[in-house]
Amino acid sequence: MVALDDLPLTYLHASTDTEGIATVTLARAEKRNALNAGTVEELIAVFSALPGSGVRAVVLRAEGAHFCAGLDLIEHLEADRTPAEFMRLCLRWHEAFNKMEYSGVPIIAALKGAVVGGGLELASAAHIRVADTSTYFALPEGSRGLFTGGGATIRVADLIGKARLIDMMLTGRIYKDAEAVSVGLCQYLVEDSEAKAMALARAIAANTPLANFAVCSAISHMRNMSGLDAAYAESMVAGIVNTQAEARGRLAAFADKSGARVRPD
Ligand code: 1HE
């Protein structure tokens, strides 16, 4: 098992703190963190190393003013790819984003500036999205003569629905601020998205790892199943997760009144 901190990385930084919170940073700010083929390979390497690494939660952040400007348009122009070459590239994007979504380790994206095209596809593979007031979301594919290839038709449609996805791709519509929250592109809008993402990661890391694993893998798998199969799979996952000693300990704490109560404040 390769430790996250030991991976040789050029376009990303990855580190883990003593509490098991990993920070993965898009480190190509001079190109607005556009996703070249090399970055996608590094995302695969980093997120392949996650399961079993002891990492309890991940904050995905970016250097510079923008989270990610999407597909590296210059690399794509210069490579002059054939259809088969671009299809293979898209499959590498899917490999990376599937590694994230199905990893079983909670990933919280700290967003800012442009979350555009493939940048939104990357953000939508995280389990939680936190935006700040500079954050804006767009799918300018149509105006560039392109079509999404990194899973927007699945994950962004899951977040906002097919009609909004089509509108964004056709018209280049930009969502930001409260409207972005209300349509489902992000779940939090704050002053400091990195501080909030880290606070969420620490809170989530206090859950049992098995419960987090189930939330961050089973739900996505169940979305791929028929309703009947999903209900069966849900009962199996709950059967395993909900009968563990760690869960019993927490239930006993509730019963003896030492466990936290669920109250708004
Ligand atoms: C890039 C990219 C990129 C910047 N590929 N190099 N994505 C887009 O259509 C978004 C394209 N980017 C932009 O609209 C703007 O760059 C931003 C609004 C994000 C930022 O603007 P700004 O003024 O801060 O930066 P800039 O001057 O436009 O760019 C700075 C450098 O980053 C410059 O490189 P330089 O060598 O000339 O300094 C830009 O070329 C470079 N850069 N964005 C390559 N995207 C699997 S299919 C997915 C399909 C899509 O993702 S479509 C959406 C593509």
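The values are calculated or read from the model by the stated rules, or taken from the named source; none is laboratory data. Remember, predicted model here, so these are calculated numbers, not experimental data. When we count neighbours, we look across all protein chains shown, and the Cβ atoms used for this are built from the backbone with ideal geometry, even at glycine.
Odds and ends about this structure:
- Test result for Asp5, modelled with pLDDT under 95 and charged (D, E, K, R): yes
- For Gly119, the conditions (1) more than 10 Å from the ligand (Cβ to nearest atom); (2) within 20 Å of Asp192 (Cβ to Cβ); (3) not acidic (Asp, Glu) are fulfilled apart from (1).
- For region 203-219, filtering for residues that are part of a helix (DSSP H, G or I), free of Cβ contacts under 8 Å to residues at least 12 places away in the same chain and polar (S, T, N, Q) leaves 0.
- Qualifying residue in region 92-99 (condition: within 15 Å of the ligand (Cβ to nearest atom), surrounded by 23 or more Cβ atoms within 10 Å (Cβ to Cβ) and of a type in the set (A, V, I, L, M)): yes
- Residue count for region 2-36, restricted to those that are within 15 Å of the ligand (Cβ to nearest atom), in a helix (DSSP H, G or I) and crowded, with 16+ Cβ neighbours inside 10 Å: 1.
Listed here are the residues, each with its yes/no results for (1) within 26 Å of Ile21 (Cβ to Cβ); (2) assigned to a loop (DSSP other than H, G, I, E, B); (3) out of contact with any Gly (no Cβ under 7 Å at 6 or more places or on another chain).
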residue: Lys196; (1), (2), (3): yes, no, yes
residue: Ala201; (1), (2), (3): yes, no, yes
residue: His221; (1), (2), (3): yes, no, yes
residue: Ala233; (1), (2), (3): no, no, yes
residue: Arg250; (1), (2), (3): yes, no, no
residue: Arg263; (1), (2), (3): no, yes, yes
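- Helices (runs of 4 or more DSSP H) wholly inside region 101-174 containing at least 1 residues that are buried (at least 22 other Cβ atoms within 10 Å of the Cβ), at pLDDT 95 or above and of a type in the set (S, T, N, Q): 118-124
- Scoring Asn98 on the criteria (1) in a helix (DSSP H, G or I); (2) over 17 Å from Arg129 (Cα atoms) leaves a single failure, condition (2).
- Any chance Leu89 is loosely packed, with under 15 Cβ neighbours inside 10 Å and within 12 Å of the ligand (Cβ to nearest atom): no
- Where a residue in region 220-236 is on the phi < 0 side of the Ramachandran plot and its partner, wherever it lies, is among the charged types (D, E, K, R), with Cβ under 9 Å and at least six apart: Ser220/Glu101; Met222/Asp229; Met222/Glu234; Arg223/Asp158; Ala230/Arg223
- When residues of region 207-261 are limited to those that are among the β-branched types (Val, Ile, Thr) and more than 26 Å from Ala109 (Cβ to Cβ), the one surrounded by the fewest Cβ atoms within 10 Å (Cβ to Cβ): Thr243
- Complete set of residues in region 59-78 that are of a type in the set (D, E, K, R) and surrounded by fewer than 22 Cβ atoms within 10 Å (Cβ to Cβ): Glu63, Glu75, Glu78
- Flag set for Ala22, criterion: closer than 18 Å to Met198 by Cβ and not hydroxyl-bearing (Ser, Thr, Tyr).
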